[in-house]
Ligand code: SAM
C-alpha cells in the first residue's frame, strides 16, 4: 500500500466492496432490475410480509443501500415508528437519502453510515432488522450477526435475504454460468464496470449455503431460526428471533 503496510485479506475485501458500490451507486437500481430480471422486487415484498412490521415499531434496514426496503417500512411504522437506513457506503446512502426524501419518508426515517460488524446503536433498540443482499458483502459475518442480535429488542426478529445455493444441481450450474456470462457484460454496458459485477458473481459462489448460514445465526445466539428458499434456492430468506 502507499503506507508500506501489508494488507490483510479482510482489508482488501472491505476496500473492494467499497469500490464496487461507490462505482455502481448511481445506476444501482437500474442494474438491480436488469440482473435480477425484476425478481428482486418480489423477493423484497416477501421479506416485508414476513417481517410483520406494525405501526409504532423501530426498524433497522442494514446494508440498506438505496432504500428499497426502508421506503416501504416507513409507511408501515407510521407516524409513531422509526426506520433507520444504515449502510457503510456514503455513495449508496446518498442515493438512498434522496429517494427517501422524494418518497415523502423523511419524517420517520434516519440515514446512518455504519459498519454492520459493530453497530453504533444501544442494546435492545429495534423490533426488527432486515439485511437484504448485504450480509454477503460483510467480511466478518459472525461479528455482524452478534452485533445485530445485541441491538434487537427481546422478541425482535432478524430477516436475512441473500443469494444462496440452488437445491437442484442443474439449476445451480445454469445459474452460475448465467451470472458469470451475463452480469459482467451488463455491468460493462450500463455502468462501464465489468469488474464489479464479476465480483458480485464471485461473492455469490463464496457465500455460505442455507444450512451453514442458519448454523451461524444459531451460534450468534438467534432462536427459532428457519429459512425459506426462493427461486429454487437461488435466494434464501432466513429468519431468527432474539429471546
Ligand atoms: N439492501 C439493498 C438492496 O437490497 O437493494 C442494497 C444491497 S447492496 C447489494 C449491498 C450493500 O451492502 C451495499 O450498499 C454496501 O455498501 C453494503 N455493505 C457492504 N459492507 C457493509 C458493512 N460492513 N456494513 C454495512 N453495509 C455494508
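The numbers here are math on the coordinates, done by the rules we state, and not lab data. Since the model is a prediction, treat every value here as computed from it, not as a measurement. Every residue, glycine as well, gets a Cβ built from its backbone with ideal geometry; the counts of neighbours run over all protein chains shown.
For the range 156-213, the Kirkwood hydrodynamic radius from C-alpha pairs, put into Stokes-Einstein at 10 °C and a viscosity of 1.306 mPa s, yields a diffusion coefficient of 126 µm² per second.
In this label model, residue 41 and residue 94 are separated by 2.7 nm, measuring between points 7 Å along each Cα→Cβ vector. Packing around the peptides 92-98, 125-131, taken as the average count of other Cβ atoms within 10 Å per residue, puts them in this order, highest first: 125-131, 92-98. Computing FRET efficiency as 1/(1 + (r/R0)^6) for residue 243 and residue 219, where r is the C-beta to C-beta distance and R0 is 22 Å, gives about 0.90.
Based on the Cα atoms of the range 87-149, what semi-axes does the equivalent ellipsoid have, where each is the square root of 5 times one gyration tensor eigenvalue, given in whole Å with the largest first? Walk me through the numbers before you get to the answer.
Working: eigenvalues 99, 44, 18 Å².
Semi-axes, largest first: 22, 15, 10 Å.
So for the range 114-243, what percent of the C-alpha to C-alpha distances run longer than 19 Å? Of the Cα pairs, 52 percent sit more than 19 Å apart. Largest GNM mean-square fluctuation among 76, 159, 60, using the chain with Cα springs under 10 Å: 76. Each principal axis of the Cα atoms in the chain has its own extent, and those three values, largest first, are 46, 42, 37 angstrom. On the beta carbon distance between residue 16 and residue 54, with R0 = 41 Å, the FRET formula returns roughly 0.60. Length gained on full extension, residue 192 to residue 122: 21.1 nm, using 0.36 nm per residue less the C-alpha separation.
Every helix of 4 or more DSSP H residues in the chain counts as -39500 (n - 2.57), and over all residues that averages to -15500 deg cm²/dmol at 222 nm. Where the alpha-carbon atoms of the range 21-82 are placed on the principal axes, they occupy 35, 23, 15 Å, in descending order. Can you work out the PRE-style zone for residue 168? Point 7 Å along Cα to Cβ, and I want the residues of the range 205-243 with backbone N under 14 Å. From the range 205-243, the list is 230-235. What value does the range 129-171 have for Rg/Rh, both radii from Cα atoms and Rh as Kirkwood defines it? Rounded to two decimals, Rg over Rh is 1.09.
Shown here is the pair-distance distribution of the range 1-123: with all Cα-Cα distances grouped in 10 Å bins from zero up to the longest one, the shares run 13, 38, 34, 12, 4, 0 percent.
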